[in-house]
Amino acid sequence: MPTPVLLENPLRQGLSSGRTAPPCSLVIYGASGDLTVRKLVPALFELYEKHLLPVSFNLIGISRSVISDEDFRKKLKDFLAKAKPQFSEAVWNSFSQNFHYIAGGYDDFKVYQALSARLDELDEKNGTMGNRIFYLSTPPNVFEVIISNLGAAGLAKEDKGFSRVVIEKPFGHDLESAKELNVKVREVFKEHQIYRIDHYLGKETVQNFLVMRFANSIFEPIWNRRHVDHIQITASEDLGVGTRAGYYESAGILRDMFQNHLFQVMCLIAMEPPVTFEANAIRDEKLKILQAIRPFDEHSVKHLAVRGQYGPGFLAGQKVPGYREEEGVNPKSNTPTYAAIKIFLDTWRWHGVPFLLRSAKRLPKRTTEAAIQFKEPPNLLFKNNLNTLTPNVLIIRIQPDEGITLKFDTKVPGMTMEGRTVNMDFRYGTSFAEGTSEAYERLLLDCMLGDATLFIRGDEAEAAWAALMPVIHHWETTEPETPFPNYEAGTWGPVEADNMLERPWRHWRKV
Amino acid sequence: MTSDPSAQDIERDLTGLWKPQGEIQASGLRRIYTTNLVAYASDHEDGYRVEGILGDVVQYHPGRYILVRPAADTTEAPLRYYVSGRCLSWSDPEKRVCCDMVKLVAQKEVIENLYGFVFSILVPDLPVEFWWPGDMPYYNSFFEHMAKQATRVWVDSAKFKDPIQSVGRLAAFWHNRYPRTTLADMNWIRIQRWQALLAELFDGDWAKYLKQIKQVTIEYGEGSTPLRSFYLAAWLAAQLGWRHHQPRLAAFTDRLVFQGPQGEIEVLLKPVPAPDDRADRIFAVGIMTEGESPALFTVVRDEDPHTVIARSEINHKLAFSRVVTFEHLHSDDVLAIGFKHYEADPVWKRTLQMMGTILIHPDMTLEQKKQD
Ligand SMILES: NC(=O)c1ccc[n+]([C@@H]2O[C@H](COP(=O)([O-])OP(=O)(O)OC[C@H]3O[C@@H](n4cnc5c(N)ncnc54)[C@H](OP(=O)(O)O)[C@@H]3O)[C@@H](O)[C@H]2O)c1
């Protein structure tokens, strides 16, 4: 692997913008799409404003839609001008001066040859030193054709500078297709050149799991089966399927949320301390967790996984349609929009501790959090208070309102020995001046810097699929246990999910 | 307000501030302390200014803020205190965050020994930022004790009435006298944006031009002292291995000469007309190189006060040009940025040492002067 181009620039030393990316060109496939306009270019603009984008930077957008360079820039600008309160035209013009657009089919080899020539020319003109990133922001059905053409055009070679490929989610539709995609990508790119995105990992609080666990000494001693009763990871959305019905009908909640985001959060909570803070050391530990998921079988899946689909209901006082009434959805669809899964990790540390993972659409509120529920004290002295004292919970909120809360019991002032549970709260927004950055900002910058820590390695993607496939398979080949829809939009999901908790003191958190 | 107050009185009043009352109790307010900040104001008027700035900084770094200022009148009580609460985000009851401010108004001679009292009302286990807005004293008991106990001392060299003397002192004795306290200068934070703009001109292939620099021109507002420009020159020198072999300066000049690996480097400091309220700013920096392909790198304030233009010409041909946002930083912004990082900044330390080789300072003994 060639060493990333280091900036021998002594003036950079000590500056808070010390993580500035090296000169490079970013090629976005599927640039006419939503992600480019709403997320990627705004993230790049933020990096530019923070002086983290190199002076020598080119962006080339490629997709089939025939639009001029001018129109491409205008579309990007129009979005930002509306989204950013203090938008400066002059700054935008300067930022976008090296933005170009190539219209062409993803399977047309001539487009790749033209791209290669254009990149060489831009390297020469703008000093981008042969460093390239190819960002696949298309639907996954064209990933393979783009990658093999990049290979054939010699664009994956790293003879002049680095060449990296960023692959958007979903990485495969199931285990087989993920394996196949891995084979195809690795025929062209080496693993160190491949950046599989899971934008959850770009979120500040997700990264904070690592700092919280491994920079503090008070959590690690109790972070195990002796002290933890169970762990709940929740990603709830109030929105319905919206305009994504086409994708969602074939994906469902497990592919959309579990295989990637929820499993990644679980890994960061459950993993052993890595030996170093380097990408592969961390990914090795995450992989071990995915491999330790106790396999589901035909029998266990029935009581360890609960599925649901929303029917009509009310959200914020407004009537909303059921999933089957949404545009583009089969009126008899059995696609799950709710899933709750109980996972056991067969590791020394977590033996017998259930990890309760839950995600759904059309729940009362949009929240993502992980809650570590600790055991009750061994001898409950305050028996009169059984209803007001609760076991400790450490809650790590990922969105919105990122922060950490610790619930603990305390005495109510007065003559009686009365206890009550209170919250100790830490909020990012109020304790740090700097707002948290958008996930894509961090991930794009890391990729330019060659830091793959927050990206998924190929074996991780496969292990996650392998663990989930029995549930997916069972759900796709059997009728729901209770006919869909089985929960009303705006409620906390099907009642069956409560039964899987098994212990009277365990409740799904009303997040 | 009482006379002869004790730390317990203050703590009691602070606790009283946060006793749940009516609606506030229902909505649950949070007290958050991320830091202690002790600020000194030289008089009544300065007190108002400093208090206003603290009120803004608190939005970014909730904490216990203590303002110390001399009484306006010798007939006033030796020491009086005022406590007040600061709450943010009132619009969102879920996020109401509160912290507090203590104002200590004392007779000058009481202030001399007020440090112990100040220590007793700090929130334990949190960093202590000490903000001293004036010139560097040679000896002042309050400053001396605070500087030794604080985590970090903030000065603002832009506000020094005698910048050569004060910066000279900082460079000469800070690290010996207060080895455990980080020194920070608000002026340095303001300059860091110029540093970032200049640094990014030399990334990648362009780094090679750093070794060929022959002349640097820094434009600053007419009528102001070019201290910030001197800092910028000292930073370039410290980072690029240049030395100042000329005699130390007792007054600002319009030309500095450094010796670098490539030979002599000239730094020209050029006053340009500027409105009074902006005179202390840097307006443009130009860096010229010599060699096979001469290059010129410039960063210039645009007509639009919110942007600057960075460009480079190699062999008299435009290599690139870009416009970036450049918002003016007020004192509260500067402190809010500064409080984010706790690590000592080695580049600032080196730059200050370099300033020490450029400026003379009044406490040098004849011996030292002779040795130089
Ligand atoms: N949008 C998000 O917030 C988001 C979040 C996470 C992940 N992602 C992932 O990021 C990728 C891009 O997202 P997006 O929302 O930008 O997608 P998109 O708008 O649906 O697609 C991007 C571009 O791909 C091309 N395209 C669409 N359908 C195609 C097809 N069947 N065959 C070939 N090309 C096709 C289109 O360009 P042309 O027709 O001009 O070629 C389209 O503009 C997807 O893989 C998505 O899953 C998106």
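The values are calculated or read from the model by the stated rules, or taken from the named source; none is laboratory data. This one's a predicted model, so the numbers in the text were calculated from it and none came from an experiment. Quick reminder, even Gly has a Cβ in these numbers, built from the backbone with ideal geometry, and neighbours come from all protein chains shown. All accessible areas refer to the heavy atoms of the entire protein, side chains included, with ligands and DNA or RNA removed. Shrake-Rupley method; radii C 1.70, N 1.55, O 1.52, S 1.80 Å.
Condition check for A:Thr205 on (1) touching a Lys or Arg at 6+ places or on another chain (Cβ under 8 Å); (2) open to solvent by less than 20 Å² (accessible area, probe 1.4 Å); (3) not assigned by TED's automatic domain parsing to the domain that holds A:Asp401: one failure, at (3). Would you confirm whether or not the range B:109-116 contains a residue that is within 23 Å of the chain's Cα centre (by Cα) and part of a loop (DSSP other than H, G, I, E, B)? Among the residues of the range B:109-116, not one is within 23 Å of the chain's Cα centre (by Cα) and part of a loop (DSSP other than H, G, I, E, B), which makes the answer no.
Could you list, in sequence order, all residues of the range A:69-103 that are aromatic (Phe, Trp, Tyr), open to solvent by 20 Å² or more (accessible area, probe 1.4 Å) and either within 14 Å of chain B (Cβ to nearest Cβ) or on the phi > 0 side of the Ramachandran plot (or both)? Steps first, please.
Taking the range A:69-103 as the starting set, the residues that turn out to be aromatic (Phe, Trp, Tyr) are A:72, A:79, A:87, A:92, A:95, A:99, A:101.
Checking which are open to solvent by 20 Å² or more (accessible area, probe 1.4 Å) leaves us with A:79, A:87.
Scanning the range A:69-103 gives a single hit, A:Phe87.
Would you confirm whether or not the range B:194-205 contains a residue that is within 13 Å of chain A (Cβ to nearest Cβ), at pLDDT below 90 and at positive phi? Within the range B:194-205, one or more residues are within 13 Å of chain A (Cβ to nearest Cβ), at pLDDT below 90 and at positive phi. Does B:Phe117 meet the test of being more than 30 Å from B:Thr298 (Cα to Cα) and open to solvent by less than 20 Å² (accessible area, probe 1.4 Å)? Against the criterion (more than 30 Å from B:Thr298 (Cα to Cα) and open to solvent by less than 20 Å² (accessible area, probe 1.4 Å)), B:Phe117 does not qualify. Considering the range A:401-417, and only residues there that are open to solvent by 80 Å² or more (accessible area, probe 1.4 Å) and not hydroxyl-bearing (Ser, Thr, Tyr), the residue that is nearest to A:Lys203 (Cα to Cα) turns out to be A:Lys411. Just one residue in the set A:Val66, A:Val111 is surrounded by fewer than 16 Cβ atoms within 10 Å (Cβ to Cβ), within 16 Å of the ligand (Cβ to nearest atom) and among the β-branched types (Val, Ile, Thr); that residue is A:Val66. The residue of the range B:232-269 that is nearest to B:Gly168 (Cα to Cα), among those that are within 14 Å of another protein chain (Cβ to nearest Cβ) and aromatic (Phe, Trp, Tyr), is B:Trp235. Condition check for B:Leu170 on (1) in contact with a helix residue (DSSP H, G or I) (Cβ under 7 Å, 6 or more places away or on another chain); (2) in contact (Cβ under 8 Å) with a residue 40 or more places away in the chain; (3) open to solvent by 10 Å² or more (accessible area, probe 1.4 Å): one failure, at (3).
Residues in the range A:21-60 that are away from chain B (no Cβ under 14 Å), hydrophobic (A, V, I, L, M, F, W, C) and either assigned to a loop (DSSP other than H, G, I, E, B) or near the ligand (Cβ under 9 Å from one of its atoms) (or both): A:Ala31, A:Leu35, A:Val37, A:Leu40.
Here is a yes/no grid of residues against (1) assigned to a helix (DSSP H, G or I); (2) away from chain A (no Cβ under 14 Å):
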| site | (1), (2) |
| --- | --- |
| B:Phe173 | yes, yes |
| B:Gln192 | yes, no |
| B:Leu210 | yes, no |
| B:Val216 | no, no |
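Residues considered: A:Gly246, A:Gly252, A:Gly242. Of these, the only one that is within 16 Å of the ligand (Cβ to nearest atom), more than 20 Å from the chain's Cα centre (by Cα) and outside the structural domain of A:Glu158 (by TED's automatic domain parsing) is A:Gly246. Among the residues here, A:Leu210 qualifies as in contact (Cβ under 8 Å) with a residue 24 or more places away in the chain, away from chain B (no Cβ under 14 Å) and away from the ligand (no atom under 16 Å from the Cβ).
The numbered conditions (1) modelled with pLDDT of 95 or more; (2) under 23 Å from A:His230 (Cα atoms) are all true for A:His303 except (1). Quick check: is even one residue across the range B:177-186 surrounded by 21 or more Cβ atoms within 10 Å (Cβ to Cβ) and in contact with a Lys or Arg (Cβ under 6 Å, 6 or more places away or on another chain)? Scanning the range B:177-186, I find at least one residue that is surrounded by 21 or more Cβ atoms within 10 Å (Cβ to Cβ) and in contact with a Lys or Arg (Cβ under 6 Å, 6 or more places away or on another chain), so the answer is yes.
Of everything listed in (1) away from chain B (no Cβ under 13 Å); (2) hydroxyl-bearing (Ser, Thr, Tyr); (3) closer than 25 Å to A:Gly130 by Cβ, the single unmet condition for A:Ser65 is (3).
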